[in-house]
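The values are calculated or read from the model by the stated rules, or taken from the named source; none is laboratory data. If you're wondering where the values come from, they're calculated on a predicted model, not measured in any experiment. Each accessible area value is taken on the protein alone, full model and side chains, heavy atoms only, with ligands, DNA and RNA left out. Shrake-Rupley method; radii C 1.70, N 1.55, O 1.52, S 1.80 Å.
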Amino acid sequence: MTKLLLSVHVLVAILAVGSITVAASMFPRQALRAIGGEGPGVAALLHRVCRGYAVAGIAVPVFGIATGAQLGVLGDAWLIVSLVLTAGAAALLALAVLPGQRTLLTLAEAPGDIEAARPVAARLTMLTGVFNLLWAVVVVLMIVRPGSTTGA
């Protein structure tokens with residue numbers, strides 16, 4: 001059962017979180033292009049990808065916790081830190097990245113002043129980078145697992 005839980009956890013992390021990190025990273029540039037007059041098509045698609053996979057991404061910590069319970073490591077510091085970072089990444093996505101994307105999409109619906117949108121896009125780029133960095137740290141913690149007896 002542990003192998004099944006771990007497999008689902010890793011697969012969902014790759015598919016959901018990976019898709020969000022790529023789409024969110026591409027979004028600011030595409031939003032600026034849309035505001036510049038190219039239309040919101042690509043930016044809107046990237047935003048839908050982020051929103052959709054954010055919902056699917058809820059399965060990552062769910063299956064991670066289930067796997068941790070099976071392995072008896074729920075109290076280990078590396079897992080607790082990973083859960084805190086995951087919660088932080090989720091909050092950042094829900095409270096800053098997705099709303100920032102919506103703001104830029106609203107500006108793209110009536111193309112015009114791209115200079116006014118640049119600071120919003122720059123802030124969104126930074127927040128997306130922080131989101132991606134949080135996930136990178138979680139991945140490293142999952143691989144290294146401080147205190148692990150597996151030798152990894």
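Tell me, which residue of the stretch 37-59 that is open to solvent by 60 Å² or more (accessible area, probe 1.4 Å) and not charged (D, E, K, R) is farthest from R145 (Cα to Cα)? Write out each step before concluding.
If we filter the stretch 37-59 for residues that are open to solvent by 60 Å² or more (accessible area, probe 1.4 Å), which is where we start, we get 38, 42, 45, 48, 51, 53, 55, 58.
Retained after the next criterion (residues that are not charged (D, E, K, R)): 42, 45, 53, 55, 58.
Numbers: V42: 39, L45: 36, Y53: 26, V55: 27, I58: 22 Å.
Among them, the one singled out is V42.
When you look at A54, is it in a helix (DSSP H, G or I), of a type outside the set (S, T, N, Q), within 11 Å of the chain's Cα centre (by Cα) and within 19 Å of L124 (Cα to Cα), yes or no? Even if it seems obvious, please write down each step before you answer.
Details: in a helix (DSSP H, G or I): yes; of a type outside the set (S, T, N, Q): yes; within 11 Å of the chain's Cα centre (by Cα): yes; within 19 Å of L124 (Cα to Cα): yes.
Yes, satisfied.
Within the stretch 2-24, can one find any residue that is over 30 Å from R145 (Cα atoms), open to solvent by 60 Å² or more (accessible area, probe 1.4 Å), at pLDDT below 95 and over 19 Å from the mean Cα position of the chain (by Cα)?
The answer is no; no qualifying residue exists.
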